[in-house]
Amino acid sequence: MNECDVLVIGGGPAGCSVAPLLARKGYRVVLLEKAHHPRFHIGESLLPANLPLLEQLGVADEVRAIGMEKWGAEFVSPWHAHGQEFRFADAWNKSQPNAYQVKRAEFDHILIRNAAREGVEVIEGCKVRAVDFEPDGTGAVVGAVHDDGREERWKARFVVDASGRDTFLANRFQIKHRNPRHNSSAMYAHFAGARRNEGQAEGNITIFWFEHGWFWFIPLSDGSTSVGATVWPYYMKTRAGRSLGQFLTDTIAMCPPLAERLSKAVMVTEAEATGNFSYVSERNHGPNYLLLGDAYAFIDPVFSSGVMLAMNSGFEGARAIDACLSRPAESAAALQAFDRAMRHGPEVFSWFIYRITNPTMRDIFMAPRNIFRVKEALLSVLAGDIFGTTPIWRGLRIFKVIYYLSFLGNLRQSLAGWRARRVNIRPVDEAGLGGSR
């Protein structure tokens, strides 16, 4: 039986944030990752709010070296004559004007190497099979299996589930549920030879709306481009025997502005797909454990919030665990603060995600105005600046008032969009959607 203070399940951005922060404080931290880095992962777009976290972890220079500079986001709609560009430099906080697009294989590899440098015992190719919590509340026994079949166990005072969409503890506790207010699926691949924007906008992410959902277009520093379609689940059922690569190609053809930018491009990775993209767990902590990042909840990638929320949860989790292990009298307050932070991020982004396909919201996005600094507040959300002291909340409240008044002013169109969305998010049998085809 091995022993440690904290055992972290998962070597993605959440796990590789919480682990080194705790190791710096002198805790014995073990991180178990089922795969071997570098490994492919989707979710390549970072937000400006990621950059201070990377600085605190000590990896900012390494990420800068692999990153494609991202100065903003562009939205393209078939229902509007012109696209709309949002520049992070125009947000309320002018000190974070850019972010990066990164290949996740390289980015996650940087983070897990950094965790090892900070004193974390990193074990790759080791899949957790069981977590049994001690009845006396002293911790848990974690059992895992190495790639070569060896079984190993650890006695840990605290367990962190940073397993991402594997949602290890949420599945074990049966507390993971479909998000009743959202539902989407995705398919994606990398392309070479895609036409990019010119100048500083070359690295911008572009969001293309289309009939069945939306596409992302993410330029990467090696010349490749990540392209994916986030669609209503019913649409995935129309594949009808086509290979996933052909289905993605056929879906791209339904969006002429994107098809034009990919007219000379070649798919250079296998297409992959994932279903049940939106879920939430009933809780994010309990006696001697925390759920971080996607292991707790995931909504939709339209605002590229996943990596930022995962890393921020690691920072919040490290503060909570430190209090629980070293200052028990403060543990209840620390866990309450952690719970508030974990719920805050998804709540802020969810309000927009639930409405982003409504014609009223699209009209506002495609012609934003900065009355009462509303546009600056919106840009701050797009930049991920929602956890600090930037005074954006009055502007966001005014934005919501504008939305609701516009909804009423265009009631027939708005209600039609609302009803269509209720139909579109209905659950379908998603068996077999995952993996590459």
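Among the listed residues Phe387, Phe365, Phe372, Phe399, identify the single one that is assigned to a helix (DSSP H, G or I) and under 22 Å from the mean Cα position of the chain (by Cα). Talk me through it step by step, then tell me what you get.
Details: Phe387 fails: assigned to a helix (DSSP H, G or I); Phe372 fails: under 22 Å from the mean Cα position of the chain (by Cα); Phe399 fails: under 22 Å from the mean Cα position of the chain (by Cα).
Checking each option against the conditions leaves just Phe365.
Looking only at residues of segment 243-269 that are in contact with a helix residue (DSSP H, G or I) (Cβ under 7 Å, 6 or more places away or on another chain) and either open to solvent by 50 Å² or more (accessible area, probe 1.4 Å) or not in a helix (DSSP H, G or I) (or both), we find that the one that is nearest to Ile353 (Cα to Cα) is Ala253. Scanning segment 226-242 for residues that are without any contact (Cβ under 8 Å) to a residue 60 or more places away in the chain and either among the charged types (D, E, K, R) or assigned to a helix (DSSP H, G or I) (or both), we see that the one that is least open to solvent (accessible area, probe 1.4 Å) is Tyr235.
Which of the residues belonging to segment 61-70 are under 17 Å from Glu202 (Cβ atoms), in contact (Cβ under 8 Å) with a residue 40 or more places away in the chain and open to solvent by 50 Å² or more (accessible area, probe 1.4 Å)?
Our first condition is that a residue be under 17 Å from Glu202 (Cβ atoms); within segment 61-70, this holds for 64, 66-70.
Narrowing the set further to residues that are in contact (Cβ under 8 Å) with a residue 40 or more places away in the chain leaves 66-70.
Within segment 61-70, just Glu69 meets the criteria.
So which of Gly26, Gly58 ends up being without any contact (Cβ under 8 Å) to a residue 40 or more places away in the chain and under 29 Å from Ala323 (Cβ atoms)? Checking each option against the conditions leaves just Gly26. Taken over segment 359-391, the criterion of being in contact with a Lys or Arg (Cβ under 7 Å, 6 or more places away or on another chain), touching a residue at least 12 places away in the same chain (Cβ under 8 Å) and open to solvent by 10 Å² or more (accessible area, probe 1.4 Å) is satisfied by Pro368, Lys375.
Please go through segment 14-29 and give me each residue that is touching a Phe, Trp or Tyr at 6+ places or on another chain (Cβ under 8 Å) and buried (at least 24 other Cβ atoms within 10 Å of the Cβ), ordered by number.
Let us first name the residues in segment 14-29 that are touching a Phe, Trp or Tyr at 6+ places or on another chain (Cβ under 8 Å), namely 17-18, 21.
Those that are touching a Phe, Trp or Tyr at 6+ places or on another chain (Cβ under 8 Å) and buried (at least 24 other Cβ atoms within 10 Å of the Cβ): Ser17, Val18.
Any residue in segment 323-336 that is modelled with pLDDT of 95 or more, closer than 24 Å to Leu46 by Cβ and part of a helix (DSSP H, G or I)? Scanning segment 323-336, I find no residue that is modelled with pLDDT of 95 or more, closer than 24 Å to Leu46 by Cβ and part of a helix (DSSP H, G or I), so the answer is no. The residues of segment 163-183 that are in a helix (DSSP H, G or I) and within 26 Å of Ile112 (Cβ to Cβ), listed by number, are Gly164, Arg165, Asp166, Phe168, Leu169, Ala170, Asn171, Arg172. Looking only at residues of segment 275-293 that are open to solvent by 20 Å² or more (accessible area, probe 1.4 Å) and in a strand (DSSP E or B), we find that the one that is modelled with the lowest pLDDT is Val280. Out of the residues in segment 71-108 that are of a type in the set (Asp, Glu) and assigned to a helix (DSSP H, G or I), state the one that is least open to solvent (accessible area, probe 1.4 Å). Restricting to residues being of a type in the set (Asp, Glu) and assigned to a helix (DSSP H, G or I), the top hit is Asp108.
Pick from Met68, Met1: which is within 24 Å of Arg261 (Cα to Cα) and not β-branched (Val, Ile, Thr)?
Working: Met1 fails: within 24 Å of Arg261 (Cα to Cα).
Unique residue meeting the criteria: Met68.
Listed by first and then second residue, the pairs linking a residue in segment 322-334 that is in contact (Cβ under 8 Å) with a residue 60 or more places away in the chain to a residue that is open to solvent by less than 60 Å² (accessible area, probe 1.4 Å) and assigned to a helix (DSSP H, G or I), with Cβ atoms under 9 Å apart and 6 or more places separating them unless they lie on different chains, are Asp322/Leu21; Asp322/Leu22; Asp322/Ala334; Cys324/Ser331; Cys324/Ala334; Cys324/Leu335; Leu325/Leu22; Leu325/Ser331.
Quick one: is Thr206 touching a helix residue (DSSP H, G or I) at 6+ places or on another chain (Cβ under 7 Å), touching a residue at least 12 places away in the same chain (Cβ under 8 Å), surrounded by 16 or more Cβ atoms within 10 Å (Cβ to Cβ) and among the polar types (S, T, N, Q)? First the steps, then the outcome.
Working: touching a helix residue (DSSP H, G or I) at 6+ places or on another chain (Cβ under 7 Å): no; touching a residue at least 12 places away in the same chain (Cβ under 8 Å): yes; surrounded by 16 or more Cβ atoms within 10 Å (Cβ to Cβ): yes; among the polar types (S, T, N, Q): yes.
Answer is no for this residue.
When each of Arg340, Arg319, Arg394 is tested for being out of contact with any helix residue (DSSP H, G or I) (no Cβ under 6 Å at 6 or more places or on another chain), without any contact (Cβ under 8 Å) to a residue 12 or more places away in the chain and over 30 Å from Ala81 (Cβ atoms), the lone residue that passes is Arg340.
Look through segment 148-188, keep the residues that are among the acidic types (Asp, Glu) and free of Cβ contacts under 8 Å to residues at least 24 places away in the same chain, and return whichever of them is least open to solvent (accessible area, probe 1.4 Å). Only one residue tops the list, namely Asp148.
The values are calculated or read from the model by the stated rules, or taken from the named source; none is laboratory data. The structure displayed is predicted, hence computed values, not measured ones. All Cβ positions, even for glycine, are placed from backbone atoms using ideal geometry, and neighbour counts span all protein chains on display. We work out accessible area using only protein heavy atoms, side chains counted, and drop any ligands, DNA or RNA first. Shrake-Rupley method; radii C 1.70, N 1.55, O 1.52, S 1.80 Å.
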